Amino acid sequence: MAARPLTVLHRCFSSTVRTALSAAPSARPALSLATAPGRSTVGLRRGLEDFFETTDKGWSWTDSEVPTGRAWLAAELRTKSFEDMHQLWWVCIKEQNKLYSQKEEARRFGLYFPHKERLHEVKLTMKRLKQVLWERRIAWFRAQAVLKREQKAAALREEGLSESAVAAKMAELFPTPVEDIGRKPSKVKDESMNKAKRDGETKGRTPRRRKSDKSSWHIV
């Protein structure tokens, strides 16, 4: 079967879910899932229903119908398992797709999009999900680095090297500190340069003399 042209695929959504103007006097888009009589759209309905609040009313156009909650905090996400975070990510993906679809229809027909804050909270949750996953990834890399260094240090001690020789060899083999693993090299370099600059300014600065609390006036 030949692939459909891109323009046909773009029209598929509007023809299956009536996003054009309805026959009613109102200029609001008809966002119900009703289709032309005689057409079977069972397979399409199952996938497209996730783009709407309800299957009978479509989208909600007021803030009172669907109250907006706050975004998940990073501290809350750190207590969740990978499975829970994966499920929450896809819930946010579906919610974001639904809101972006409604936002595009509001733009097309010049309507007010009432869920800007809701979209912001969804995107903020997704941002914090990626942040927590990145923290876990860095923690795993650092744990691997610590284990590798401990094994190497134990092997050097078995060879009969002294602690000072082991420390010198470890510094040669592993020049990057564990706390810098996973960080951008440019950021680490900038921080080290700023620290060296602050240390140099502190060394070259003469300490200020504290002002005496005693007054220069005296009673004769």
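What to note about this one:
- Evaluation of residue 147 against (1) modelled with pLDDT under 95; (2) on the phi < 0 side of the Ramachandran plot; (3) not polar (S, T, N, Q) (one fails), failing number: (1)
- Of the residues making up the range 100-123, those that are touching a His at 6+ places or on another chain (Cβ under 9 Å) and either at positive phi or of a type in the set (S, T, N, Q) (or both) number 1.
- Test: residue 128 is touching a residue at least 24 places away in the same chain (Cβ under 8 Å) and either loosely packed, with under 13 Cβ neighbours inside 10 Å or assigned to a loop (DSSP other than H, G, I, E, B) (or both): no
- So residue 139, is it out of contact with any strand residue (DSSP E or B) (no Cβ under 8 Å at 6 or more places or on another chain) and either outside any helix (DSSP H, G or I) or surrounded by 13 or more Cβ atoms within 10 Å (Cβ to Cβ) (or both): no
- Pairs meeting the criteria (first residue in the range 173-198 and under 16 Å from residue 149 (Cα atoms), second residue among the small types (Gly, Ala, Ser), beta carbons under 9 Å, at least 6 apart or on different chains) are 174/145; 176/145; 178/145; 181/145.
- Residue in the range 91-123 that is farthest from residue 135 (Cα to Cα), counting only those that are among the hydrophobic types (A, V, I, L, M, F, W, C) and outside any helix (DSSP H, G or I): 111
- The listed residue being of a type in the set (Gly, Ala, Ser), surrounded by 14 or more Cβ atoms within 10 Å (Cβ to Cβ), in a helix (DSSP H, G or I) and over 23 Å from the mean Cα position of the chain (by Cα), out of 168, 155, 145, 196: 145
- Residue 88 being surrounded by 15 or more Cβ atoms within 10 Å (Cβ to Cβ) and either assigned to a helix (DSSP H, G or I) or under 16 Å from the mean Cα position of the chain (by Cα) (or both): yes
The values are calculated or read from the model by the stated rules, or taken from the named source; none is laboratory data. Treat the numbers as computed from the prediction; the structure is a model and nothing was measured. Because the Cβ atoms are built from the backbone with ideal geometry, glycine has one as well, and the counts that use them run over all protein chains shown.
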